[in-house]
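To start, the structure itself, in structure tokens.
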Amino acid sequence: SQQGEEDPQALSIQEGENATMNCSYKTSINNLQWYRQNSGRGLVHLILIRSNEREKHSGRLRVTLDTSKKSSSLLITASRAADTASYFCATSTGTASKLTFGTGTRLQVTL
Amino acid sequence: NAGVMQNPRHLVRRRGQEARLRCSPMKGHSHVYWYRQLPEEGLKFMVYLQKENIIDESGMPKERFSAEFPKEGPSILRIQQVVRGDSAAYFCASSPRRAPGDNEQFFGPGTRLTVL
């Protein structure tokens, strides 16, 4: 598996429900970031969590990081149709500044 | 404060032609990254530049691809003699600093290259 692999690959929920996406990675990280990409568009930065942090909140988003399991989760509460998008985790490792992206979770929120 | 700007948004080239993709980072950002995204895939790192310097080009194909970030003007990703396999979305990102623990990157809207 790649550094930064999301699970599930696709998720379909109804508006108002919560959506949880998971990301696993292989090597030690400096930080982990979550991005959203609407179909055919650029990426929007959602949240950054550092390796010494365990949980972070931003509005309806909650991100957790478990460095012992090398995994992170993104929870979107009270989902809306506008949340329909692909969600990617990206890791920063070592002295490199580049981000390594996972393959993404495609979230579909229906009315 | 304008975000990262990329142009053109869509570019069509025939095989063998050259493609030039431009990226203007956010104001105050001196670090630029280029990524490529194939359909239904995540982004793959290509190159990281600071003004007048290539810092990390570990993701760049060895041939036909080059990048620059001059002292003045936008960063340019140049693809010579394009082939159909170069068809992809190319994203540029910028960040204000390189500190590994805090390198939030801001992405542009991308350039979608189609090679006929």
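The values are calculated or read from the model by the stated rules, or taken from the named source; none is laboratory data. Everything numeric here is computed off the predicted structure, so don't read it as measured data. We place every Cβ from the backbone using ideal geometry, glycine too, and count neighbours over all the protein chains shown. Ligands, DNA and RNA are excluded from the accessible area calculation, which covers all protein heavy atoms including side chains. Shrake-Rupley method; radii C 1.70, N 1.55, O 1.52, S 1.80 Å.
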Filter the stretch B:55-68 down to the residues that are modelled with pLDDT of 95 or more and more than 18 Å from B:ALA88 (Cβ to Cβ) and list them by number.
B:GLU68
Surrounded by 16 or more Cβ atoms within 10 Å (Cβ to Cβ) and at pLDDT 95 or above: does that describe A:ALA90?
no
A:HIS57: passes all of (1) outside any strand (DSSP E or B); (2) at pLDDT 95 or above but (1)
Here are some residues: B:ARG112, B:ARG36, B:ARG64. Which one is open to solvent by 20 Å² or more (accessible area, probe 1.4 Å) and more than 27 Å from A:GLU6 (Cβ to Cβ)?
B:ARG64
When B:SER30 is run through (1) small (Gly, Ala, Ser); (2) without any contact (Cβ under 8 Å) to a residue 40 or more places away in the chain; (3) within 14 Å of chain A (Cβ to nearest Cβ), the failure sits at (2)
Only residues in the stretch A:41-58 that are more than 9 Å from every other protein chain (Cβ to nearest Cβ) count as the first member; pair them with residues that are open to solvent by 40 Å² or more (accessible area, probe 1.4 Å) and part of a loop (DSSP other than H, G, I, E, B), Cβ under 9 angstrom, at least 6 apart or cross-chain, and list the lot.
A:ARG54/A:THR67
Out of all the residues in the stretch B:43-57, is one or more outside any strand (DSSP E or B), more than 14 Å from chain A (Cβ to nearest Cβ) and of a type in the set (D, E, K, R)?
yes
Quickly run through the stretch B:15-34 and pick out the residues that are assigned to a loop (DSSP other than H, G, I, E, B) and under 19 Å from B:VAL83 (Cα atoms).
B:ARG15, B:GLY16, B:GLN17, B:GLU18
